[in-house]
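K.L.:
Supplied in structure tokens, the structure appears directly below.
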Amino acid sequence: MNSNVRPDTMERITTKELADKFIAEQVELVRKQVGDKKVLLALSGGVDSSVVAALLIKAIGKQLVCVHVNHGLMRKGESEQVIEVFKEGLDANLIYIDATDRFLGLLEGVAEPEKKRKIIGGEFIEVFNEEAKKLESVDFLAQGTIYPDILESDGVKAHHNVGGLPEDMKLELVEPVKLLYKDEVRVVGKALGLPASMVDRQPFPGPGLGVRCLGAITRDRLHALREADAILREEFANNGLEGKVWQYFIAVPDFKSVGVKDDKRYEGWPAIIRAVNTVDAMTATIEEIPYALLHRITDRITSEVPGINRVLLDLTPKPIGTIEWE
Ligand code: XMP
């Protein structure tokens, strides 16, 4: 369709009015491109795919088929939000696949980080392809490619994990936000009526909590991680740090220490807080979280999350530490 080069004359989308104009143009273009055919989209719940979904629903309604694969490594409440916003709110044609058992089964006993990533990425393609093959007469594949993806990587967004679609499906791409920068995508998402909690979401790695449940993933430790992470996010939101800190999360390593609870020995995992600021994720600095808040988070996590008996704070900038632990 249109080219992969952003024209110098293209105005930066900073207001609702500019976003509405962009949306109206794209709705027309998409209708022209797609006609009465069907379009498939892997809807992760991240900012880019969510905005593309909302835009395409506006343009072609139920001709868009969204597939949300829950790999069991989502943050607490994220898959539920995808269903609530898109299926219940926008009446989307949404296929929800809970593939938790498949992913966790394959990951059982696998401790090596790169191997974990490969398994998660590979299985994602597998599950998505299985669904795609079940659908009849799909001619187009929508992707949440944005302009930095084109500048950085030749237009293919690796973590969208749809690069492995079978050749014989011969799907033409629909990429309505490919000339936009991230901040513009967020403005467009808000103009489309998506909730701020979705549009302003922090970056979340494709392998999800899989790279934060360190070493070989077990269900009990993954559960503890998800609950502790939810508490961290809730406390950051309640104390004005949401939207101020670039990325924050919990990592839970695969070892235990001795503790005491209710006068009894209580062995548990540590929850490690990581909260960083960055411009481009190539380098990162540490957010200085107020001590009172750290104490509160520690109290809540150690009392509310089964299996966690210590809370630690990661003070390591990038470099030397990467943002994710694995
Ligand atoms: P690192 O850990 O390399 O992370 O300092 C830099 C940024 O990239 C995110 N990240 C990923 N994003 N798929 C993604 O889509 C991945 O496999 C992945 N690994 C890391 C990370 O969360 C941080 O924002």
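The values are calculated or read from the model by the stated rules, or taken from the named source; none is laboratory data. Only a predicted model underlies this, so the values are computations on that prediction, with no experimental measurement involved. With ideal geometry, Cβ positions are generated from the backbone for all residues, glycine too; neighbour counts draw on all protein chains shown. Surface areas here come from the heavy atoms of the whole protein model, side chains and all, with no ligands, DNA or RNA. Shrake-Rupley method; radii C 1.70, N 1.55, O 1.52, S 1.80 Å.
K.L.:
Add -39500 (n - 2.57) for each DSSP H run of 4 or more in the chain, then divide by its residues: what number comes out at 222 nm, to the nearest 500 deg cm²/dmol?
P.N.:
After summing the helix terms and dividing by residue count, I get -12000 deg cm²/dmol.
K.L.:
Per residue of the stretch 106-119, in order, report the coupling 6.51 cos²θ - 1.76 cosθ + 1.60 (Karplus, θ = phi - 60°) as ³J(HN,Hα) in whole Hz, putting x for Gly and Pro.
P.N.:
5, 7, 4, x, 8, 9, 6, x, 5, 5, 4, 4, 4, 4
K.L.:
Using packing as a proxy for protection, rank 60-66, 37-43, 21-27 so that the peptide with the highest average count of other Cβ atoms within 10 Å comes first. Walk me through the numbers before you get to the answer.
P.N.:
Numbers: 60-66: 19.6, 37-43: 21.9, 21-27: 16.3.
Top to bottom by mean Cβ count within 10 Å: 37-43, 60-66, 21-27.
K.L.:
What is the Å³ per residue value for the convex hull set by the Cα atoms of the chain?
P.N.:
143 Å³
K.L.:
Let me ask you something else. Within the stretch 62-77, find all residues whose amide N lies under 15 Å from a label point positioned 7 Å from the Cα of ARG102 along Cα-to-beta-carbon.
P.N.:
67-73
K.L.:
Ok, one more. Using θ = phi - 60° and the Karplus form 6.51 cos²θ - 1.76 cosθ + 1.60, what ³J(HN,Hα) does each residue of the stretch 245-253 get, whole Hz, x for Gly and Pro?
P.N.:
Listing the rounded values in order: 8, 5, 8, 8, 6, 10, 10, 10, x Hz.
K.L.:
Using θ = phi - 60° and the Karplus curve 6.51 cos²θ - 1.76 cosθ + 1.60, what whole-Hz ³J(HN,Hα) does each residue of the stretch 268-276 get, with Gly and Pro shown as x?
P.N.:
Karplus-based 3J(HN,Hα) across the stretch 268-276 equals x, 8, x, 9, 9, 8, 10, 9, 10 Hz.
K.L.:
If I compute solvent accessible area with a 1.4 Å probe over the protein chains, what percent of it on the chain is carbon and sulfur?
P.N.:
Numbers: 8320 of 15770 Å².
Percent of accessible area from carbon and sulfur atoms in the chain: 53.
K.L.:
Right, something else. About the Cα centre of the stretch 212-313, what is the dipole size in debye to 20, counting +1 per Lys and Arg Cβ and -1 per Asp and Glu Cβ, all else neutral?
P.N.:
Roughly 280 debye, rounded to the nearest 20.
K.L.:
By how many nm would the segment from ASP314 to ALA281 grow when fully extended, if each residue of separation counts as 0.36 nm and the alpha-carbon distance is taken off?
P.N.:
10.2 nm
K.L.:
Suppose each label sits 7 Å from its Cα in the direction of the beta carbon; what would the TYR181-GLU114 distance come out to in nanometres?
P.N.:
Taking the simple label geometry, TYR181 and GLU114 are separated by 3.4 nm.
K.L.:
Could I ask something else about it? Which shape class, rounded, prolate or oblate, goes with the stretch 16-199 when its Cα gyration tensor gives a ≥ b ≥ c as root eigenvalues, a/c under 1.5 marks rounded, and past that a/b bigger than b/c marks prolate?
P.N.:
prolate
K.L.:
According to a simple spin-label model (label point 7 Å from Cα along Cα-to-Cβ), what is the distance in nm between TYR291 and VAL5?
P.N.:
The modelled label-to-label distance comes out at 5.8 nm.
K.L.:
Using the Kirkwood radius over C-alpha pairs as Rh, can you work out the diffusion coefficient of the stretch 212-313 via Stokes-Einstein at 4 °C, viscosity 1.567 mPa s, in µm² per second?
P.N.:
91 µm²/s
K.L.:
Leaving out ligands and nucleic acids, note down the accessible area per residue over the chain with a 1.4 angstrom probe, in whole Å².
P.N.:
Roughly 48 Å² per residue, with all protein chains present.
K.L.:
Peptides 241-250, 273-282: what's the order by average Cβ count within 10 Å, highest mean first?
P.N.:
Highest to lowest by the protection proxy: 241-250, 273-282.
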